[in-house]
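The values are calculated or read from the model by the stated rules, or taken from the named source; none is laboratory data. Keep in mind the model is a prediction, meaning the values are calculated, not measured. Glycine also receives a Cβ, built like all others from the backbone with ideal geometry; neighbour counts cover every protein chain displayed. Heads up: the accessible areas ignore ligands, DNA and RNA and are worked out on the full protein's heavy atoms, side chains in. Shrake-Rupley method; radii C 1.70, N 1.55, O 1.52, S 1.80 Å.
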Amino acid sequence: MAIILVRHGSAGKRWAWSGDDRLRPLDSRGRKQAKGIASALADRGVDRILSSPYARCIQTVEPLATALELEVEERPELAEGAGPSASSALAEEMADRNAVLCTQGDVVEDILGESMRKGAAYVLERRQDRLEPVDYLPPPA
């Protein structure tokens with residue numbers, strides 16, 4: 001069993017978006033990344049897809065959800081600013097599933113202790129009492 005932690009795809013510059021940042025969508029590169037993520041993860045036995053409620057995160061995993069005929073479950077624990085205890089607890093809760101968790105950079109750092117590029121993913125497995133990265137999937141496109 002493994003969790004696949006995905007950072008949302010490219011969504012342009014935060015400063016260039018004038019609306020509510022929660023609604024900022026993927027840009028054209030991010031949409032290509034989302035399709036590439038779906039291709040890369042489609043055969044990994046994913047049985048749940050959880051996402052930050054931010055539009056760019058949901059859009060990143062929608063192609064995968066469509067391909068696997070799964071729902072995208074919006075989880076506030078994966079939202080920007082959720083805090084390390086909430087996001088880490090959710091990751092631990094999912095550790096015995098084949099789940100994809102799509103989130104923002106600060107939550108990635110809370111869970112992993114390091115950042116990753118937009119559109120990238122880490123496969124995490126339980127090793128003794130903690131989740132450890134076992135594979136890195138670079139951003140597609």
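Of the residues GLU77, GLU69, GLU62, GLU73, which is touching a Lys or Arg at 6+ places or on another chain (Cβ under 8 Å) and among the acidic types (Asp, Glu)?
Details: GLU77 fails: touching a Lys or Arg at 6+ places or on another chain (Cβ under 8 Å); GLU69 fails: touching a Lys or Arg at 6+ places or on another chain (Cβ under 8 Å); GLU62 fails: touching a Lys or Arg at 6+ places or on another chain (Cβ under 8 Å).
The conditions single out GLU73.
If we keep just the residues of segment 17-43 that are assigned to a loop (DSSP other than H, G, I, E, B) and touching a residue at least 12 places away in the same chain (Cβ under 8 Å), which is surrounded by the most Cβ atoms within 10 Å (Cβ to Cβ)? First the steps, then the outcome.
Step one: filter segment 17-43 for residues assigned to a loop (DSSP other than H, G, I, E, B), giving 17-20, 24-27, 42-43.
Remaining after also requiring touching a residue at least 12 places away in the same chain (Cβ under 8 Å): 24-27, 42.
Details: ARG24: 20, PRO25: 15, LEU26: 24, ASP27: 16, ALA42: 13.
Among them, the one singled out is LEU26.
Filtered by the rule that a residue be more than 24 Å from ALA82 (Cα to Cα) and modelled with pLDDT under 85, segment 1-54 gives a lone residue, MET1. The residue that is farthest from ARG117 (Cα to Cα), among those in segment 54-66 that are under 11 Å from the mean Cα position of the chain (by Cα), open to solvent by less than 10 Å² (accessible area, probe 1.4 Å) and of a type in the set (A, V, I, L, M, F, W, C), is VAL61.
Scanning segment 124-139 for residues that are open to solvent by less than 30 Å² (accessible area, probe 1.4 Å) and either within 11 Å of the chain's Cα centre (by Cα) or modelled with pLDDT under 90 (or both) yields a single hit, LEU131. When VAL46 is tested against the conditions (1) aliphatic (A, V, I, L, M); (2) farther than 14 Å from VAL123 by Cα; (3) without any contact (Cβ under 8 Å) to a residue 60 or more places away in the chain; (4) crowded, with 16+ Cβ neighbours inside 10 Å, the lone failure is (2).
Among the criteria (1) open to solvent by 50 Å² or more (accessible area, probe 1.4 Å); (2) at pLDDT below 95, the one GLU69 does not fulfil is (2). Among the residues examined, GLY119 qualifies as in a loop (DSSP other than H, G, I, E, B) and under 11 Å from the mean Cα position of the chain (by Cα). Looking at GLY81, GLY105, which is the one that is within 12 Å of the chain's Cα centre (by Cα) and either touching a residue at least 12 places away in the same chain (Cβ under 8 Å) or open to solvent by 20 Å² or more (accessible area, probe 1.4 Å) (or both)? Exactly one residue qualifies, and that residue is GLY105.
The residues listed here are PRO140, PRO133, PRO84; of these, the one that is in contact with a Gly (Cβ under 6 Å, 6 or more places away or on another chain) and either of a type outside the set (Phe, Trp, Tyr) or closer than 17 Å to ASP47 by Cβ (or both) is PRO140.
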